[in-house]
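Chemist: Questions regarding the structure given below will be posed in turn.
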Amino acid sequence: MIEPSSLADALLAVLLAALAAGNPPRRAATVPATAAARLAGAAAAAALPLVLLGVGAGAVLDALAVSRPTARVAAGLVLMAVGLVEVVRTARPLPDPDLGVLVPLGFPLLLRPEVALVVLVAGADHGVGGGIAAVLVALAGTPLVARARRPAPGEAAAPPLPAPVPPATDPWSGAARWLAALGVLVGAGLLLDGILAL
Amino acid sequence: MRGSSEGPDGAERGTDGEAPVPPEDQAAPAAPAIPGDRAPGRRRRLFSGPRRLLVGGLVAWLAIAVGLRAAVALPERCPPVDAAAAQRAAQLAVGWFADHQQADGRWTYRYEAATDRDLGGYEIVRHAGVLLALYQALGRGLTEAGPVADVGLAWALGHLVASGDGAALGEDGATLQVGASALLAAALVERRRVTGEHDHDGELAALGRFLVGVVEPSGAVPQVVDPRTGPSVGSYSRFFTGETFLALARLREALGPDPWEEPALRVGRYLAERRDEVEGWFPAIADHWAAYGLAEVARWPDGGAGRRAVDPEGTAALHLAGLFGVQVRYESQRTDRLPSRVTRGRQTLGAGLGTIGEGLANLAALADPSGAGGVGHGGSPALDGQRPVLVERASCVAGMLVERQVDPAEAAAMADPERAVGAWYQFGVTQMDDQQHALSALLLVGDLLATTR
């Protein structure tokens, strides 16, 4: 059983936090007309600073004079807050198919504070491997979901979606909300873990 | 009509030769254009599309970074400290007790440095606690603590009153605070260990019998004993239970298992398993005396049987460590300046900080499988591998204590520098338990620093 004071010790829990922070269905829904390949490029661009953060997590925390438990508290709080917002609010899509790979796709769509904080915790608590794994889990899903959302060859293309799509008509919206809810739960766990830790 | 002329049919015509448009068919004049306006009917947006996403992202990053830094992830300041610095600070604290001891053996209870004023009051429980701290100091080479402690001990032994089949520390006819007797017993055992003298074993056993007599079947310890009505019912002190646990555990180590071991284990189990819930303490008490008691039980020469009986998996010890850990991290973020003053409050008392150090140092000893901390094979399994972080947290406390203590340079500005130096003040006032707990913490953490490389 993973107890609150040992949640961050479980790499699986931290990777779930990374997945919730990344929330690929929501990111893909924000840019529904953007090609998967373009999003893959954006993910690669966003991954670079995040990998550096994950690899140098210990040094970053030392420079900020912040302990690992406090970092968990910070990550948990932000993950909970963002998760609550994403459960309640539907993503406002940008229908433009030619959005910039670096800006705004890489930053700020994919390079987000909650992702950075979870990567920081993963790197600090689980080393370089944990940090890199968190980056992959947080970012790799968005181009994959984008590819899955686009029609198969031969099928008629779906018309552009200028307005938020009601959940009943978009299955990915439900998945995005579930991941946001997961973020709230895991965020609460990280918060408690950080408070109760040594 | 301007510009008109007569056409071939005699009707008036405009200058371009076209027939004039009747007034009722003329279009309404166009509204004057507003510079920068889009097509009429569309509301102008400041940010839209990608720009909205970018601005929103920048605002989110900035707000979260600033908010976290100001309210959550403030810098945790742990001033560097070594064993020698801790020892010097401890020596100054002992000097404070020497300078503030009165003729009858008691100490100045509350002191205002700016006016060199004794503010009066006294707490007999804290008198006993100071004795423990001074004998701890004596045992670590601060020989000037010995005479000061002995004079204080003489006062305490002169205030033992018969109660039940034992004796308690208190005033004749007055309500007896159980914690006072517990800490006096703990101090007598400490004296016994550091001096090798057994001349007060009789009083020690009498105190022990008093404590055994008041422990409830559940292991709970009443707060007071009224000489007329007996132990209080349903009234418990935050710390007297832990103090009694420590005293009984020390009695067992000093005088043998019987009759001290069983009540010690009973109180220990109660503390470890259900005290906070039963007595309604929320949040849970960061009980440094319980930590002392756990470390003491782990020192019993019984192969760890006692420790396993009280806290089999070490979960109580781990829980305590977590409580102390968050307190250290929180306190280390306090600077008494903005924004810390708003988000973290004022720096705590010397007593508050000292108790955290005492608790952590005892738990670090529990986490030491080598037994270098004095704990034999009774170490706590849940704390396995946690010694480095416990030592780190304890060192942080020691560093903060050393930094916040009034040293000779700072005391020079006070009304009586010799009486002001060596203490921890808040609003310019110190209390003897500030020095008591800070002294004990510095000594115990100094042990850790001396053995940790």
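The values are calculated or read from the model by the stated rules, or taken from the named source; none is laboratory data. Just so it is clear, the structure is predicted and the values come from calculations on it, not from any experiment. Neighbour counts run over all protein chains shown; Cβ positions are idealised from the backbone, glycine included. Protein only, heavy atoms only, side chains kept; ligands, DNA and RNA dropped before computing areas. Shrake-Rupley method; radii C 1.70, N 1.55, O 1.52, S 1.80 Å.
Chemist: Which chymotrypsin sites (Phe, Trp or Tyr not before Pro) in segment B:405-453 sit in a loop by DSSP (not H, G, I, E or B) and have at most 16 other Cβ atoms within 10 Å of their own Cβ?
Modeler: Hits after loop and neighbour filter: B:Phe427.
Chemist: Further question on the same structure: Taking the alpha-carbon centroid of each part, what is the distance from segment B:389-420 to segment A:113-137 in angstrom?
Modeler: Going from one Cα centre to the other spans 39 Å.
Chemist: Determine the equivalent ellipsoid of the protein assembly as shown by diagonalising the alpha-carbon gyration tensor, then write out the semi-axes as square roots of 5 times the eigenvalues, largest first, rounded to whole Å.
Modeler: Over the Cα atoms of the protein assembly as shown, the semi-axes work out to 71, 29, 22 Å.
Chemist: Turning to a different aspect of this structure: How much accessible area is lost when chains A and B come together, counting both sides, with a 1.4 Å probe, in Å² rounded to the nearest 100?
Modeler: Using a 1.4 Å probe, the pair buries roughly 2300 Å².
Chemist: Mind checking the per residue accessible area of the protein assembly as shown for me, 1.4 Å probe, whole number of Å²?
Modeler: 44 Å²
Chemist: Please give the charge dipole size of the protein assembly as shown, origin at the Cα centre, charges +1 on K and R Cβ atoms and -1 on D and E Cβ atoms. Round to the nearest 20 debye.
Modeler: Charge dipole of the protein assembly as shown: 2340 debye, to the nearest 20.
Chemist: Using a/c under 1.5 as the rounded threshold, could you call chain A rounded, prolate or oblate? The axes a ≥ b ≥ c are square roots of the C-alpha gyration tensor eigenvalues, and prolate needs a/b larger than b/c, oblate otherwise.
Modeler: It comes out prolate by the Cα gyration axes.
Chemist: If you take the Cα Rg of segment B:141-232 and divide it by 2.2 N^0.38 Å, with N the number of residues, what do you get?
Modeler: With N residues counted in segment B:141-232, Rg over 2.2 N^0.38 Å equals 1.13.
Chemist: Would you kindly compute the Cα radius of gyration of chain B and its largest Cα-Cα separation (Dmax), both in Å?
Modeler: 35.9, 146
Chemist: Helix-only mean residue ellipticity at 222 nm, chain B, DSSP H runs n ≥ 4 weighted -39,500 (n - 2.57), per residue, nearest 500. What is it?
Modeler: Only helices count here, giving -16500 deg cm²/dmol.
Chemist: Okay, moving on. Check each residue of segment A:53-96 and keep those whose accessible area, probe 1.4 Å, is at least 50 Å² smaller with all protein chains in place than in the chain alone; give them in order of residue number.
Modeler: Hits at the 50 Å² cut-off: A:Ala65, A:Thr70, A:Arg92, A:Leu94.
Chemist: Per-residue mean of other chain beta-carbon atoms within 10 angstrom of the beta-carbon, peptide B:314-324?
Modeler: Mean shielding count: 2.
Chemist: List the chymotrypsin sites (Phe, Trp or Tyr not before Pro) in segment B:205-300 that DSSP assigns to loop (not H, G, I, E or B) and whose Cβ has at most 10 other Cβ atoms within 10 Å. Which are they?
Modeler: Of the chymotrypsin sites (Phe, Trp or Tyr not before Pro), not one in the loops of segment B:205-300 has a Cβ with at most 10 other Cβ atoms within 10 Å.
Chemist: Right, another one. Using a probe of 1.4 angstrom, how much of the accessible area of the protein assembly as shown is carbon and sulfur, in percent?
Modeler: C and S fraction of accessible area: 60 percent.
Chemist: Rounded, prolate or oblate: which one fits segment B:83-191, using the alpha carbon gyration tensor with axes a ≥ b ≥ c (rounded when a/c is under 1.5, else prolate when a/b beats b/c, else oblate)?
Modeler: Since a/c reaches 1.5 but b/c is at least a/b, the shape of segment B:83-191 is classed as oblate.
Chemist: Still on this structure, I have one more. First check a/c for segment B:45-141, with a ≥ b ≥ c the square roots of the eigenvalues of its C-alpha gyration tensor; if it is under 1.5, answer rounded, and if not, answer prolate when a/b is larger than b/c or oblate otherwise.
Modeler: Cα axes put segment B:45-141 in the prolate bin.
Chemist: Round to the nearest 10 and give me the degree value, 0 to 90, for the angle of helix B:83-99's Cα axis relative to the longest principal axis of chain B.
Modeler: That helix lies at roughly 70 degrees to the long axis.
Chemist: Working from Cα positions, state the angle (0 to 90°, nearest 10) between the long axis of helix B:315-332 and the longest principal axis of chain B.
Modeler: Helix B:315-332 sits at roughly 60 degrees to that axis.
Chemist: Let me ask something else. Among B:Ala450, B:Gly256, A:Ala42, whose Cα projects farthest towards the positive end of the dipole of the protein assembly as shown, with charges put on the beta-carbon of Lys, Arg (+1) and Asp, Glu (-1)?
Modeler: A:Ala42
Chemist: Let me ask something else. Based on DSSP H assignment, which helices of chain A show an axial Cα extent of at least 20 Å together with a mean Kyte-Doolittle hydropathy greater than or equal to 1.0?
Modeler: For chain A, where a helix must reach 20 Å along its axis and average at least 1.0, the hits are A:36-55, A:68-88, A:171-196.
Chemist: Show me the GluC sites (Glu not before Pro) within segment B:69-177 that DSSP assigns to loop and that have at most 12 other Cβ atoms within 10 Å of their Cβ.
Modeler: Filter output for segment B:69-177: B:Glu171.
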